[in-house]
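The values are calculated or read from the model by the stated rules, or taken from the named source; none is laboratory data. Just so it is clear, the structure is predicted and the values come from calculations on it, not from any experiment. Cβ placement follows ideal geometry from the backbone for every residue including glycine, while neighbour counts extend to all protein chains displayed. Heads up: the accessible areas ignore ligands, DNA and RNA and are worked out on the full protein's heavy atoms, side chains in. Shrake-Rupley method; radii C 1.70, N 1.55, O 1.52, S 1.80 Å.
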Amino acid sequence: MGLKGKLISSVEVKCGGHLFHDILHAKTHHISNISPSKVKSFEIHEGETVDVGSIVQWTYNDDGKDKTCKQVIEAIDHETKTITWKVIGGDLLELYDSFTIISSCDHLWTTWTFLYEKKTEDTPEPLVFLAYVFHVTKEIENHLL
């Protein structure tokens, strides 16, 4: 019971949502330069750009530990500045049977939505990962300002 979850949180980005979406969509490879203490690398495994069907992998540092997250891009909507990333491999799947991340950007806000299914009832909500994502979001914002 209660193994499926949805976590939605928004953070203000003074640089503007369109610029933030541009980094996530077209300049994703720059994030490891923008936030080197948190994002070690970003690679495209299938496809040539971040586009629907592309398979990408992040190597990141969370709480002093190097981790990976392999994802397939399920959807991109440039009008609403939304990208849906479905996790298909890596450390998150040690705790969750499924995990999808949706980033959406509007004028001054970036919203992160996590859809997940925990492996057990004892699995924590992904609040630590949310804090990590917010940290990277703020580093991208500072870079863009």
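Worth pointing out:
- Members of the range 49-71 that are farther than 23 Å from His135 by Cα and β-branched (Val, Ile, Thr): Thr49, Val52, Ile55
- The range 76-101, residues that are in a strand (DSSP E or B) and open to solvent by 40 Å² or more (accessible area, probe 1.4 Å): Asp77, Lys86, Ile88, Asp97, Ser98
- Of all residues in the range 52-75, those satisfying the criterion of being part of a loop (DSSP other than H, G, I, E, B), of a type outside the set (Ser, Thr, Tyr) and open to solvent by less than 70 Å² (accessible area, probe 1.4 Å) are Gly53, Gly64.
- Of all the residues in the range 110-131, those that are within 16 Å of Trp85 (Cβ to Cβ) and of a type in the set (Val, Ile, Thr) number 3.
- Residue identified as open to solvent by less than 40 Å² (accessible area, probe 1.4 Å), more than 14 Å from Gly16 (Cα to Cα) and in contact (Cβ under 8 Å) with a residue 60 or more places away in the chain among Phe134, Phe129: Phe129
- Matching residues in the range 27-51 - criterion: being assigned to a loop (DSSP other than H, G, I, E, B) and either in contact with a helix residue (DSSP H, G or I) (Cβ under 7 Å, 6 or more places away or on another chain) or modelled with pLDDT of 95 or more (or both): Ser35, Lys38, Val50
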